[in-house]
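Worksheet: the structure to be examined is printed underneath.
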Amino acid sequence: MQWLVAVAQFVVNEILSIPAYMVGLITAVGLIALRRSVGQVVGGGIKAVLGFLLIGAGADLVVAALDPLGVMIQGAAGAQGVVPTNEAIVAIAQDRFGAQVAWIMIAGFALSLVLARFTPLHYVFLTGHHTLFMATLLTMVLATTDLPTVVTVALGAVLLAVVMVSLPALAQPWTRRVGGDGKIAIGHFGTLGYVAAGATGQLVGRTSRSTEEMKLPEGLRFLRDSMVATALSMVLIYLVVALVYWARQGTAAALEMFEPAQGLDPTIGHFLMQSVMQGLQFGIGVAVILYGVRTILGELVPAFQGIAERIVPGAVPALDAPIVFPFAQNAVLIGFISSFVGGLATLAVMALAINPVFGLALILPGLVPHFFTGGAAGVYGNATGGRRGAVAGAFVNGVLITLLPALLLGVLGDFGSANTTFGDADFGWFGMAIGYGFRAGDGIGVVIALVVAGVLLAAAIMVQKRVVERGWDPGARHEAALAERAEREEK
């Protein structure tokens, strides 16, 4: 029996948790179903893998550029608290529950394909690392009960499968508005933030122009290049934060931030120029992500025609958050900044009012979740409400990913005292819905968990049949209002 556990852990840790391998295999299967030649199958699969590796490489550059900025922001603001980092909390949980996580992930993915095949929710969730994160969250929540391991794995698999096919459907009207003509879906557990951003855009940005139509003076036309604009914006942000950090923490702390070249002494000039370099590295990372997205779409979308024909009729790939970045590149940066501001504002409210009364942990704004989910939220907000939608929608996302992780800590058992937790919105609300249900007892908790899954699945099917398939466009009023505005301006 031990060898089965070892095989399951290998499949999860070395294949299914690596999005590049998973997407490459899916692409190859789709091309085989299309009866392409061996060379086309191999080439398409490898190109899909390379596209995802490009996304990963860009993400690594972004994370590396944001890490020092996060340290300086904490030092400049003097804040202490919990930093939500999915990878960190998953690594901690793997030491205790690795086998259960593996079985929940494998069984949940298999069951999700069954649901995609036999329900109207034809979404195949391909973001492997987020599947692993959700499997880990469910394992941690269920570990606080006295349920037998077999029941825990079975229940966790059902819950995982349901969220994997349901959440892409619930977000699909807004995702289709963003772009892609319904051929792709969002497969990332920040869905609540994206739907909230799209809905907020509908409320606040009826006549607001798109972020991509920003008119710049002739001397600033170089900023129309998104890579240049992103890099320059981050350089300015980095320099401002670096100067505040230097003023608050002193010269000694500033000199320790970045290591100088071997044999050279650290100087303030080096500290400031390294801040500039980190901002430029951020811009490079975003450019690599965008190129990777274009590469993967070029291979994956045609391959899914084969999957749709042979395996899951009408299959739609549900992909990671950066898949929407190319549709509104200015909105990504605006969304990142606005989401981060929303996180800071919520942190201030929690520190001044909520924490003293309810004792909730203070969630420090993590720059990585704010960049990826905030950037995507900016794109969704822009699609339905232009610039105002991008700003307000991403701000709402920032509030959600600051408040929900604090509430989630209450259902994580021993892990609630860790200095990190899950960062994205869906982990928060779904984990709480399941975890607090078990406060009434294990038997009642199982019933509540299954009811939650049933309601979520039913809601997704209703949205798919009555909204997605009927072609409802959440940005239609915004588009009509812009057309009226353009007509008035012409007169």
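Structural remarks
- Close amide H contacts of ILE186 (hydrogens built in the peptide plane, cut-off under 5 Å, sequence separation of 5 or more or a different chain): LEU319.
- Charge-dipole axis of the chain as Lys and Arg at +1 and Asp and Glu at -1 on Cβ define it, positive-most pick from ALA197, ALA449, MET257: ALA197
- Using θ = phi - 60° and Karplus 6.51 cos²θ - 1.76 cosθ + 1.60, couplings along the stretch 131-143 (whole Hz; Gly, Pro as x): 4, 4, 4, 5, 4, 5, 4, 4, 4, 5, 5, 6, 5
- Long-range amide H partners of VAL124 with built H, under 5 Å: VAL316, ALA318
- In units of the rule-of-thumb radius 2.2 N^0.38 Å, the stretch 1-69 shows an alpha carbon radius of gyration of 1.45.
- Mean separation of Cα contacts under 8 Å, 6 or more apart, over the residue count of the stretch 9-140: relative contact order %: 34
- The accessible-area ordering, largest first, of the residues LEU111, LEU53 stands as LEU53, LEU111, per a 1.4 angstrom probe.
- Estimated 222 nm signal from helices in the chain, with DSSP H stretches of n ≥ 4 weighted -39500 (n - 2.57), rounded to 500: -24500 deg cm²/dmol
- Dipole size of the chain about its Cα centre, with +1 on Lys/Arg Cβ and -1 on Asp/Glu Cβ: approximately 1280 debye, rounded to the nearest 20.
The values are calculated or read from the model by the stated rules, or taken from the named source; none is laboratory data. Just so it is clear, the model here is predicted, and its values are computed rather than measured. Using ideal geometry, Cβ is built from the backbone for each residue, glycine included, and neighbour counts are taken over all protein chains shown. Please note that ligands, DNA and RNA were not included when accessible areas were found on the heavy atoms of the full protein model with its side chains. Shrake-Rupley method; radii C 1.70, N 1.55, O 1.52, S 1.80 Å.
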